[in-house]
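Data block below; observations after.
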Amino acid sequence: MFCQFPGPDGKPFLSSSNWEGRYVFSLGVDGFNPFQNKVAKQNVMVTGMYMVCLNLPSDLHYQPKNMYLVGIIPGPTKPSTDQINHFLKLLVDDLLPFWDPGVTFSCTAKYQDGRIIRIALIPIICNLPAAKQVAGFSGIGLKFFCSYCLLPLYDIDNLDWSQWPPCDVEIHHKHACSYQDAPMLKERQCLFNEFGVRWTELL
């Protein structure tokens with residue numbers, strides 16, 4: 001999938017010349033109890049956001065020295081989907097120039113004359129509830145429980161995958177934009193109940 005992922009020029013992102021450095025990062029979002037596992041503190045949740053450079057050899061990905069702590073969202077509870085967008089926006093705004101036109105470094109260790117760096121944020125690596133929240137999908141107990149198809153929850157026993165209507169990225173984006181543009185919370189909730197999509201800054 002990484003090899004086929006299109007860059008801003010429409011060509012495969014990872015098939016650039018040596019003039020450009022192209023890097024793929026994953027994003028992880030996970031909640032943790034800052035008081036460890038003390039029973040009295042189970043209701044406290046702090047959320048960490050992490051990035052990992054997937055260009056590194058796989059055995060180096062998750063070494064603490066190679067992970068980038070994007071930020072920590074304070075508790076005492078996990079943020080709602082709309083709240084987490086405020087934190088994602090800061091990250092997205094920083095990453096957009098690295099996508100297009102790219103950021104030029106005047107000198108690097110290997111390229112004394114400088115190099116253009118581009119970054120793609122491709123996979124979200126989270127547990128299922130966090131991944132759905134960050135990506136703007138509805139949870140597993142709601143009408144549209146799947147991120148890949150539009151099989152409704154009431155038809156979950158249908159095992160004929162040929163009858164599972166696939167998600168369409170353009171329609172998904174349209175519904176997410178409608179959610180974002182809705183002026184009232186009640187209207188947003190109605191749209192979410194109908195289509196199972198919220199706006200996320202990652203769009």
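The values are calculated or read from the model by the stated rules, or taken from the named source; none is laboratory data. Note that the structure is predicted; figures quoted are calculated from it, not measured. Using ideal geometry, Cβ is built from the backbone for each residue, glycine included, and neighbour counts are taken over all protein chains shown.
Return yes or no: is Gln112 under 30 Å from Leu14 (Cβ atoms) and surrounded by fewer than 16 Cβ atoms within 10 Å (Cβ to Cβ)? Considered against the rule, which asks whether it is under 30 Å from Leu14 (Cβ atoms) and surrounded by fewer than 16 Cβ atoms within 10 Å (Cβ to Cβ), Gln112 comes out as yes. The set of residues from segment 13-46 being β-branched (Val, Ile, Thr) and at pLDDT below 90 comprises Val39, Val44, Val46. Could you tell me which numbered condition Asn85 fails, if it satisfies all but one of (1) within 22 Å of Pro12 (Cβ to Cβ); (2) touching a residue at least 60 places away in the same chain (Cβ under 8 Å); (3) not small (Gly, Ala, Ser)? Among (1) within 22 Å of Pro12 (Cβ to Cβ); (2) touching a residue at least 60 places away in the same chain (Cβ under 8 Å); (3) not small (Gly, Ala, Ser), the lone unmet condition for Asn85 is (1). Only one entry in Ala176, Ala131 is under 25 Å from Pro6 (Cβ atoms), more than 14 Å from the chain's Cα centre (by Cα), of a type in the set (A, V, I, L, M, F, W, C) and surrounded by 11 or more Cβ atoms within 10 Å (Cβ to Cβ), namely Ala176. Only residues that are loosely packed, with under 15 Cβ neighbours inside 10 Å, more than 22 Å from the chain's Cα centre (by Cα) and aliphatic (A, V, I, L, M) were counted in segment 140-164, giving 3. Working only within segment 179-192, note down all residues that are assigned to a loop (DSSP other than H, G, I, E, B) and either exposed (fewer than 13 other Cβ atoms within 10 Å of the Cβ) or hydroxyl-bearing (Ser, Thr, Tyr) (or both). Answer for segment 179-192, where residues must be assigned to a loop (DSSP other than H, G, I, E, B) and either exposed (fewer than 13 other Cβ atoms within 10 Å of the Cβ) or hydroxyl-bearing (Ser, Thr, Tyr) (or both): Pro183, Met184. In the set Cys149, Cys167, only one residue is without any contact (Cβ under 8 Å) to a residue 40 or more places away in the chain and closer than 17 Å to Thr200 by Cα; that residue is Cys167.
Starting from residues that are under 15 Å from Val134 (Cβ atoms) and of a type in the set (S, T, N, Q), keep the ones in segment 43-97 and report whichever is surrounded by the most Cβ atoms within 10 Å (Cβ to Cβ). Filtering first and then ranking leaves Thr47.
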